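Chemist: Structure provided below as C-alpha cells; questions to follow.
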Amino acid sequence: MTEIKENNNEVRKSLNFVEQIVVDDLAEGKNGGRIQTRFPPEPNGYLHIGHAKAIALDFGITEQYGGVCNRRFDDTNPQKEDTEYIESIERDIQWMGFKWANVYYASDYFQELWDFAVWLIKQGRAYVDEQSAEVIAQQKGTTTSPGTNSPYRDRPTEENLRLFEYMNSGECQPGTLVLRAKIDMAHPNMLFRDPLIYRVLNIPHVKTGNKWNAYPMYDFTHGQCDFLEGVTHSLCTLEFVEHRPLYDLFVGWMKEWLAAIDPERLVKLGKLEKLEKLDSYQGPRQTEFNKLNLSYTLMSKRNLLALVNEHLVNGWDDPRMPTVCGFRRRGYSPESIIKFINKIGYTTYDALNEIQLLESAVRDDLNGRALRVSAVLDPVKVVLTNYPEDLVEQLTAVNNPECEEDGTHTVEFSRELWIERDDFQAVAEKKFMRLAPGKEVRLKNAYIIKCDEEHPFDTDAEGRITTIYCTYDPESRSGLPGSNRKIKGKTLHWVSCLHAVKAEVRLYDRLWKVENPRDEMAAIREEQQCDAVTAMRQIINPDSLHVISNCYIEPFAATMKPGQYLQFQRIGYFMADLDSTDGHPVFNKTVGLKDTWTKNR
C-alpha cells in the first residue's frame, strides 16, 4: 500500500490501476525514471466535470511522484477554436489547485508534423487521395468485411509530394484532396484502413495565421505531440482504446523518422530535459480510464454549446451546467470535486455515477469550511411584545463550529424578527416541534420565546398570516444561566427586521427530468428523426431554477463575495453570485444540508 495525499491532505492507502502502472514504470527505470503527463483539451468549449477527472489524474499523479504535467491545447480545428475557451481552461485548472510546468499547442508542432508527413510519403507510407469523403467511407468496408484499396493508393511519390504541397497552397478546395496513411485496408481494426492524416480547411489559425491551409487530423497529431514533448504516460478515456494501436504505430514511425533524419531534433525542440540521445526515450505509453458519467447530467461540449446557443441556460457558467465554471459559480469547492473523483476512482469500464454521491462529497467538504449565517427565505414577522421597543442587542455568533480559527461575528437582535413561515403552525400537528400558539422555541444565539395563546397572530384579507406575537424569557439568552432551561421546541434561525438586508436567492433542481439524458435524447432522435435541440427540449426540466426575491439575510452575510462558502443555517450551503451588487445581493444554493431529493423522488 502507498499513501497518496489528496489536495485536502487526507490520505488514501491504495493505488488505482493507473498509479500502479506509473509506480512499476518508475521502478523499472523507464524513460530515465521520470514521469511526464499532459492535459490536452481542444479549445472549443468550456471544461466540464468529466475534464476535471482527467485534470485530477494528469496533474495529481505527477505531483505525487515528482513528475511534470504540461498544459497543451489541441488546436488543429481552427473553425471551432477561440481564445475565450483557452482563457477559461486556464482559469479552471488554476481554480482546481493545479499548476502546469509548460504551455504547449499542437500548432507548435505543425512544421514537425508536416515534415514527418513528407517523409512518410517518401517512404511510401502515405498518399494523396482525391475521392470524396463518402466514397472513402464506403471503401473502408465493415467490421466483418475488408475494405477496398483506393485507386490512388499507388500514386507515384513525386506526384504525391506535389499534391501535398498543393493541399497547403490555399488554392485547393476543402474536401477535394486528403492525405492518407498507407497501412492495411483489410486490417481488423477499422482505424488502420488507410486513415486520413491531413485535410484541407483554408481557415486562418489563431496562432499560425495563414501559414497553414492543410491541417493534421487528431490521430496523426496527438501521439506525435506527446512524443515530441517527451510525455511518458498519455492518459486518455476509454473511447481511445481502439486508437491505441494506431497511436503506437504513428509514434513508432516518428521515432524512425527522427532517427533517420535528425536524431537530435527533440533536443533542439527543447521539450525534453537531459535527453542525450533518442534511444534514452522509449516514448509515451497510452493508458485509458473510464469517463466520469453522472446521472441527470448531460456532458459533451457539443451538447453544452447547444444549450448555451439555444438559451436553454444562462451561459456556460450557469450553476445548472456541469461545467467547472458552473460548479464554481454555484458554490462547489475544488476540494469537494477532487474528493468525489477519488471516491469513485479510475477503472477500465464505464458506469453511471449517482449525482447524489457528488452532492454528498460537496456537503461533507463545505461543512468544514462554510461560514454560518442566518437567512430567511419565506419570511413572516415575529413581534416580541415584552421586549423593549428601542433596544438592540449585539449578540455573538460562531462563524464555523468546525473551525475555531474562523472566529465569530456580531448579530443584531431587536423586538421584531423574521422567521421562516414553515417554522410556525396556527394549529400544530402532533409532532410539530416548532413555533405554535402556546409553544416555546429557542432562537439561535438568543432567547427562548413563547407564542401567545390568546392573540397568537394577525392575518391579511386572504387569511395569510402576517405577524406572530410572542414573549421572550430575559433570563434565557445564550450564555446566561437561564439558557440551560429545557424546552421541547427546536432551535430556530431568525433575522432582525430592523437590520435585515433584502436579497435574491436562486434555488436549483436537476436540469434534466430523466436519469440518463444522453441515452434518452438518442432514443427520441431515432424515434422522431429530429435534431438534438428538439430532443433536448422534451426532457429538460422546466422547474430547474426557482428565484426567490423576497428573502432577508443578516448584514454579515450581505458582505460575502463570490468564492466565500456559506451555510444558511438550517437550510443549506450557498454562495454569493456574480450578479450581486452592493444594493442587491444574490445567492445561489449550492446543496442542501441533507439529501432530500432522493426521498422526494
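The values are calculated or read from the model by the stated rules, or taken from the named source; none is laboratory data. Bear in mind the structure is a predicted one, so any value in this text is a computation, not a measurement. Note that we place each Cβ from the backbone using ideal geometry, even for glycine, and neighbour counts take in every protein chain shown. The protein model used for the area step is the full one, side chains on, heavy atoms only, and it has no ligands, DNA or RNA in it. Shrake-Rupley method; radii C 1.70, N 1.55, O 1.52, S 1.80 Å.
Chemist: Starting from the Cα of Leu593, step 7 Å along the direction of its Cβ; do the same at Thr385; then give the gap between the two resulting points in nm.
Modeler: Using points 7 Å along Cα→Cβ, the separation is 3.0 nm.
Chemist: Just subtract the alpha-carbon distance of Gln79 and Met190 from 0.36 nm times their residue separation and send over the number in nm, one decimal.
Modeler: Extra length available between Gln79 and Met190 comes to 37.2 nm.
Chemist: Could you work out, for the stretch 366-431, what percent of all Cα-Cα pairs fall into each 10 Å distance bin, beginning at 0 Å and stopping at the bin that holds the largest distance?
Modeler: Reading upward from the zero bin: 17, 33, 33, 17, 0.
Chemist: Here is a further query. Mind pulling the angle between the C-alpha long axis of helix 355-367 and the longest principal axis of the chain? Nearest 10 degrees, somewhere in 0 to 90.
Modeler: 60 degrees
Chemist: Once you place label points 7 Å from the Cα toward the Cβ at Leu480 and Thr347, how far apart are they in nm?
Modeler: So the label points at Leu480 and Thr347 sit 5.9 nm apart.
Chemist: Can you order the peptides 243-255, 346-358 by their average number of other Cβ atoms within 10 Å per residue, highest first? Could you put the intermediate results ahead of the total?
Modeler: Details: 243-255: 18.6, 346-358: 15.0.
Most protected by this proxy first, the peptides run 243-255, 346-358.
Chemist: With a 1.4 Å probe and every protein chain left in place, work out the accessible area per residue of the chain in Å², rounded to a whole number.
Modeler: Working: 27370 Å² over 601 residues.
So the chain comes to 46 Å² accessible per residue, rounded to a whole number.
Chemist: Based on the mean of other Cβ atoms within 10 Å per residue, sort peptides 149-159, 15-25 so the most packed one is first. Please report the intermediate quantities before stating the final value.
Modeler: Numbers: 149-159: 13.4, 15-25: 16.2.
Descending mean neighbour count gives 15-25, 149-159.
Chemist: Further question on the same structure: For the chain, calculate the relative contact order in percent as a whole number, restricting contacts to Cα pairs under 8 Å that are 6 or more residues apart. Write out the running numbers ahead of the final one.
Modeler: Working: 1134 pairs, mean separation 69.4, N = 601.
Answer for the chain is 12 percent.
Chemist: Roughly speaking, what is the stretch gain from Gln529 to Glu256, that is 0.36 nm per residue apart minus the C-alpha to C-alpha distance, in nm to one decimal? Present the calculation step by step, with values, prior to reporting the outcome.
Modeler: Values: separation 273, 0.36 × 273 = 98.28 nm, distance 4.84 nm.
Length gained, Gln529 through Glu256: 93.4 nm.
Chemist: With a Förster radius of 25 Å, plug the Cβ-Cβ distance of Glu515 and Lys291 into 1/(1 + (r/R0)^6) and report the FRET value to the nearest 0.05. If you can, show how the numbers build up before the last one.
Modeler: On the way: r = 17 Å, r/R0 = 0.67.
Between Glu515 and Lys291 the formula returns 0.90.
Chemist: Let me ask something additional. For a quick size check, give me the Cα extents of the stretch 14-119 along its three principal axes, largest first, whole Å.
Modeler: 43, 41, 21
Chemist: Just by accessible area at a 1.4 angstrom probe, what is the order of Thr148, Thr534, Thr297 from largest to smallest?
Modeler: Details: Thr148 80, Thr534 60, Thr297 20 Å².
Output order, biggest surface exposure first: Thr148, Thr534, Thr297.
Chemist: Sticking with the crude label model, points 7 Å out along Cα→Cβ, report the distance from Arg302 to Thr142 in nm, one decimal please.
Modeler: About 2.3 nm separates the two model spin labels.
Chemist: How large is the helix-only mean residue ellipticity at 222 nm for the chain, computed as the sum of -39500 (n - 2.57) over DSSP H runs with n ≥ 4, divided by its residue count, in deg cm²/dmol to the nearest 500?
Modeler: Rounded to the nearest 500, it is -8500 deg cm²/dmol.
Chemist: Just subtract the alpha-carbon distance of Glu354 and Leu15 from 0.36 nm times their residue separation and send over the number in nm, one decimal.
Modeler: Values: separation 339, 0.36 × 339 = 122.04 nm, distance 2.31 nm.
Additional length available on full extension: 119.7 nm.
Chemist: Along each principal axis of its Cα atoms, how long is the stretch 361-502 end to end? Whole angstroms, biggest number first, please.
Modeler: Between the extreme Cα coordinates on each principal axis of the stretch 361-502 lie 47, 35, 31 Å.
Chemist: What order, most packed first, do the peptides 381-392, 113-124 have when packing is the mean number of other Cβ atoms within 10 Å of each residue?
Modeler: Values: 381-392: 13.8, 113-124: 18.2.
The packing order, highest mean first, is 113-124, 381-392.
Chemist: Here's another thing I want to ask about it. Do the alpha carbons of any pairs in Lys343/Lys490; Lys80/Lys291; Lys486/Lys594; Lys444/Lys561; Lys431/Lys502; Lys122/Lys301 sit beyond 30 Å of each other, and which pairs?
Modeler: Values: Lys343/Lys490 35 Å; Lys80/Lys291 23 Å; Lys486/Lys594 26 Å; Lys444/Lys561 24 Å; Lys431/Lys502 32 Å; Lys122/Lys301 38 Å.
Long pairs (Cα-Cα over 30 Å): Lys343/Lys490; Lys431/Lys502; Lys122/Lys301.
Chemist: Please give the FRET efficiency for Asn367 paired with Thr237, using the beta carbon to beta carbon distance and R0 = 30 Å, rounded to the nearest 0.05. Before the final figure, lay out each step's value.
Modeler: Details: r = 32 Å, r/R0 = 1.06.
Efficiency computed from Cβ-Cβ geometry: 0.40.
Chemist: At a Förster distance of 60 Å, what's the computed FRET efficiency of Lys211 paired with Glu28, Cβ-Cβ distance as r, to 0.05?
Modeler: Details: r = 42 Å, r/R0 = 0.70.
So, using R0 = 60 Å, E works out to roughly 0.90.
Chemist: A further question follows. With Kirkwood's inverse mean 1/r over C-alpha pairs for Rh, give me the Rg to Rh ratio of the stretch 312-432, two decimals please.
Modeler: Rounded to two decimals, Rg over Rh is 1.11.
Chemist: Determine how many Å³ per residue the convex hull of the Cα atoms of the stretch 492-601 encloses. Present the calculation step by step, with values, prior to reporting the outcome.
Modeler: On the way: hull volume 14.3 nm³, N = 110.
About 130 Å³ per residue, rounded to a whole number.
Chemist: Round to a whole number: what % of the accessible area of the chain belongs to carbon and sulfur, probe 1.4 Å?
Modeler: 47 percent
Chemist: Of the DSSP beta bridges with both residues in the chain, give the percent that are antiparallel, rounding to the nearest 5. Before the final figure, lay out each step's value.
Modeler: Details: 55 of 82 bridges.
The antiparallel fraction comes to roughly 65 percent.
Chemist: Relative to 2.2 N^0.38 Å, what does the C-alpha radius of gyration of the stretch 97-163 come to as a ratio? Two decimals please. Intermediate results must be reported in sequence, preceding the final value.
Modeler: Working: Rg = 17.5 Å, N = 67, 2.2 N^0.38 = 10.9 Å.
Compared with the compact-globule rule of thumb, the stretch 97-163 sits at 1.61.
Chemist: Right, something else. For q = 0.11, 0.15, 0.26, 0.29 Å⁻¹, what log10 I(q)/I(0) does the stretch 199-265 give under the Debye formula with an equal point scatterer on each alpha carbon and no solvent?
Modeler: Result of the Debye calculation: -0.35, -0.63, -1.10, -1.17.
Chemist: How large is log10 of I(q)/I(0) for the chain at q = 0.09, 0.12 Å⁻¹ when the intensity is taken from the Debye formula with one equal scatterer per alpha-carbon?
Modeler: -0.83, -1.23
Chemist: Using the Cα atoms of the stretch 511-555, I'd like the radius of gyration and the largest Cα-Cα distance, Dmax, both in angstrom.
Modeler: Over the stretch 511-555's Cα set, Rg and Dmax evaluate to 16.3, 54 Å.
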